[in-house]
Structure formats: C-alpha cells, structure tokens
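See below for the structure under consideration.
The values are calculated or read from the model by the stated rules, or taken from the named source; none is laboratory data. It should be emphasised that the depicted structure is a prediction, and the values quoted were computed from it without experimental measurement. Methodologically, a virtual Cβ is constructed for each residue, glycine included, from the backbone with ideal geometry; neighbour enumeration extends over all protein chains shown. To get the accessible areas, we keep the full protein, side chains included, count just its heavy atoms, and leave off ligands, DNA and RNA. Shrake-Rupley method; radii C 1.70, N 1.55, O 1.52, S 1.80 Å.
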Amino acid sequence: MNRFRLASIVLFLTSCCASFPAQGNQKAVQIWTSGFGPTKDVRVRTPRFVWQVWPDGDAHITGSTMLINGRKVNANYDEKKRELSYESAEPLAPGTYEVLAKVKVDNWANFEKKWSVKISSETISPNATISPDAMAAIAEYNRIRKAHGFEPCQLDNGFAMSAAAHTNYLFLNREGGHYEQEGKPGFTGTEPADRVSLFGHVGSSFEVVSMGGRSAADGVRGLWDAPYHRISMMKPGPGIVGASFKDQFFTMDGDGTSVDGTFVSPPDGGQLVPVLWHNREVPDPTRNFDDATKDLGYPIVMNVYGKDIKELKILESHVTTNAGKEIPKYELSSKNDENLHNSVILIPKKPLASGTTYSVTLKVQDNNGKIYDKAWKFTTQ
C-alpha cells in the first residue's frame, strides 16, 4: 500500500491580455496570453519554444512567425492548444537564444513576444530517463483513463526527465514529498515548477509522488485511489506525462487538457471498483471530521470544468445500494475544504460491500449560480 507524503502539486498559469485599438473599419482586437518560454536555463538540447496565445471573442489568429537568434524557424500555431510552438529537429548548441514570436489577428492586428533562454552545457539525454518502469506507469495511467472515457496521455521527454530527477532525489535522501533542498544529493530544483522548467516544459503542470509501492503501476493505482491526487490526474482531454520509479519511490509529472463538462470517478458503469480505501493521503481529506477512521469506502470524485468556476457547493448527494439503502458518507467541497475549487468528493464512512452495484446522484452549484446534475452507477470488486 502506498504511503503518501504530500498531496499533488498543481501549477496553473495566470492569463493576461493585450489590446489593439480600433483602426478605420477594423474593430478593436484583444488577445490573451499565459505561458511562454522556456525562460530559464534548461538541460535539454531540443527544447520546445512556446507562446501560449489566443484571441478574444470570435477573432482568429491568421498568421504567425517565430525567429530564434534572428533566424525564422518553422513554427506552427495550434488553435486547439492555443499556442505557437517550435521544436528543433537537431540538438542545439549550449548558449543563449533570443526568441521573437509574432501573431496576426484577423489579418491586420499584430502582436509579439520576446524572451531569451540559455541551454546549459550540462544537458541530459531523454533516452537515459525512459525506463520500462516509466512506460509501465504510463500504460497503467492510460488504462485507467480509458475506463473513464478520457483521452490517452503521451510520453513527454521533458516530464520523463523531471520525474526521473525527482525520483532519484527521493531515493538518495530516503524521503517523500515534492520539495528538494539545495545541497542535498540529487538536487535539481526546489519546487516542481523549477524542475519541469529546467527540462523545457512551458505552461501548467501537475506532479504526484508516492513511496511504498511495489511497482510503477502500483504507484499509479495508489495515487489514483487518493482523492486529492486523483483530481489533478483526471483532466479528460489529451495530455502529456513522464514517470519514474525506483525502489518504492514514484513520481509522475504531466499536463492535461480540460474539456468543459462534468466528469466523475468511479465512472458510470465502472466495474471492479475497490471496496476499501486506506487513508494515508497528506493532507488528510477527512481531517475536518472527528469520527473519521483510516479504513474508509472508496472515494467518489466529481470534477466540473467550465468558464470562471472557482467554487462548487453540494446541493444534494446520495450514494445508495440497489436495495435503496443510503450509505453514510463525508461530503467535501470548497465550502469546507480549502483545497477544492472545481471538484467535490464523497467518501463513504465505511468500506463498501463487495460485488455490489451502487447508485450515485450529485447536484452541485458553482460560484456563477449554474447547477450541475449527475447520476451514475458503479459496481465493486
């Protein structure tokens, strides 16, 4: 059974906007930007240069270019990902690179972004960090995602390297958690954001860490069972991940894509759902309930994705057997848990019965007043 040292770390980037005033018959244009980079020293020779940018309203990006050290490169704008990006097919030499990214909106309004990045002489080959354990972890993660109807995640070299670096730090120092201390063996970056940036990632990310698992796949399952960790792992759209396992220490770094809607776990029609969850998660999701024990029923999670959702409150919830018996449970939302924003958690107070189908109904309301209803069933092992 995994022992969790710290809840998953999730990094979100704040968006900002820039405007171009109306000119003649052309209406004013506004764009939004979030991540760009990499902007720090990186330890990969083929970094991915990215500017996350998109227009407001019904405007469209109609042209884009990127120059690196004054030379135009074959950058592409992805409307779905909302980013202009370029990755060199050949390794770049160590040194400083000046980046100029430009986009044109509706064939007339021009915007640009400048930054620099230094490629360290102490680079690492991605192949050195992608082990069979790492691939087994990603396969298990995608197996779980498929059962939930989520799109698969692809291996990302940068995340594979940052996960391997942190797992090695945990192994060398025989400790758990997300933070590293400079001067200790294996140090690469104090926080997860420092490490993923070091290996070339730009944008939001998550990190989940465990210790005590018998394998990489066991690490994934244990993290998914823990509700705080599961929340950050269950973005339904396509994503990128990297993972590493070494002598019970496991790290997964990644990024996913949110899709507007309501998503639940266990999924509708889910089979062989565990009956028991032994709570070793930190922070403890039941810390505000004095009567909570460590042996609980399997947690139920709902994520709601949509515009400007910052809080959810539970209006009504039920977990029942086929016979209509109501299951006592703990309800967690942003109203009683500072770690929750667009998610709610139901935790049965006692282990569930085996081979039993349970019905769940949840009615929640967001900070904008919108109500979300969901009813589904799952069956235990």
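Here are some residues: Ile119, Ile138, Ile130, Ile144. Which one is closer than 15 Å to Gly254 by Cβ, surrounded by 16 or more Cβ atoms within 10 Å (Cβ to Cβ), out of contact with any helix residue (DSSP H, G or I) (no Cβ under 8 Å at 6 or more places or on another chain) and β-branched (Val, Ile, Thr)? Please lay out each step first, then the result.
Numbers: Ile119 fails: closer than 15 Å to Gly254 by Cβ; Ile130 fails: out of contact with any helix residue (DSSP H, G or I) (no Cβ under 8 Å at 6 or more places or on another chain); Ile144 fails: out of contact with any helix residue (DSSP H, G or I) (no Cβ under 8 Å at 6 or more places or on another chain).
Among Ile119, Ile138, Ile130, Ile144, only Ile138 is closer than 15 Å to Gly254 by Cβ, surrounded by 16 or more Cβ atoms within 10 Å (Cβ to Cβ), out of contact with any helix residue (DSSP H, G or I) (no Cβ under 8 Å at 6 or more places or on another chain) and β-branched (Val, Ile, Thr).
Just one of Gly297, Gly355 is free of Cβ contacts under 8 Å to residues at least 60 places away in the same chain, surrounded by fewer than 16 Cβ atoms within 10 Å (Cβ to Cβ) and within 20 Å of Pro267 (Cβ to Cβ); which is it?
On inspection, the qualifying residue turns out to be Gly355.
Among the residues of region 134-169, which ones are outside any helix (DSSP H, G or I) and in contact with a His (Cβ under 9 Å, 6 or more places away or on another chain)?
Asp156
Name the residues in region 206-219 that are within 14 Å of the chain's Cα centre (by Cα) and either closer than 22 Å to Gly149 by Cβ or assigned to a loop (DSSP other than H, G, I, E, B) (or both), would you?
Listed by number, the residues that qualify are Phe206, Val208.
Filter region 82-109 for residues that are polar (S, T, N, Q) and modelled with pLDDT under 95; which is surrounded by the fewest Cβ atoms within 10 Å (Cβ to Cβ)? Talk me through it step by step, then tell me what you get.
Initial filter on region 82-109 (polar (S, T, N, Q)): 85, 88, 96, 107.
Filter once more, keeping what is modelled with pLDDT under 95: 88, 107.
Numbers: Ser88: 15, Asn107: 9.
Checked region 82-109; the qualifying residue surrounded by the fewest Cβ atoms within 10 Å (Cβ to Cβ) is Asn107.
Looking only at strands (runs of 3 or more DSSP E) that lie completely in region 244-316, which have at least 1 residues being closer than 19 Å to Pro328 by Cα?
261-265, 270-273, 276-278, 295-297, 300-305
Return the only residue of Val220, Val241 being in contact with a Cys (Cβ under 9 Å, 6 or more places away or on another chain), crowded, with 24+ Cβ neighbours inside 10 Å, modelled with pLDDT of 95 or more and of a type in the set (A, V, I, L, M, F, W, C).
Only one candidate passes the filter, namely Val241.
Among the listed residues Ser205, Ser232, Ser215, Ser210, identify the single one that is among the hydroxyl-bearing types (Ser, Thr, Tyr), touching a residue at least 12 places away in the same chain (Cβ under 8 Å) and open to solvent by 20 Å² or more (accessible area, probe 1.4 Å).
Ser215
Could you please tell me which pairs satisfy a Cβ distance under 6 Å, a separation of 6+ or placement on different chains, a first residue in region 142-160 that is more than 22 Å from Thr123 (Cβ to Cβ), and a second residue that is in a helix (DSSP H, G or I) and hydrophobic (A, V, I, L, M, F, W, C)?
Ile144/Trp224
Specify which of the listed residues (Phe289, Phe263) is modelled with pLDDT of 95 or more, under 29 Å from Ser197 (Cβ atoms) and touching a strand residue (DSSP E or B) at 6+ places or on another chain (Cβ under 8 Å).
Working: Phe289 fails: under 29 Å from Ser197 (Cβ atoms).
Phe263 is the lone residue from the list that is modelled with pLDDT of 95 or more, under 29 Å from Ser197 (Cβ atoms) and touching a strand residue (DSSP E or B) at 6+ places or on another chain (Cβ under 8 Å).
Checking Ser258 against (1) touching a Leu at 6+ places or on another chain (Cβ under 7 Å); (2) closer than 17 Å to Ser343 by Cβ; (3) open to solvent by 30 Å² or more (accessible area, probe 1.4 Å): exactly one of these is not met. Which one?
Of (1) touching a Leu at 6+ places or on another chain (Cβ under 7 Å); (2) closer than 17 Å to Ser343 by Cβ; (3) open to solvent by 30 Å² or more (accessible area, probe 1.4 Å), only one is false for Ser258: (1).
Within region 35-129, which strands (runs of 3 or more DSSP E) (wholly inside it) include 1 or more residues that are under 25 Å from Ser258 (Cα atoms)?
48-55, 61-68, 76-78, 83-87, 95-105
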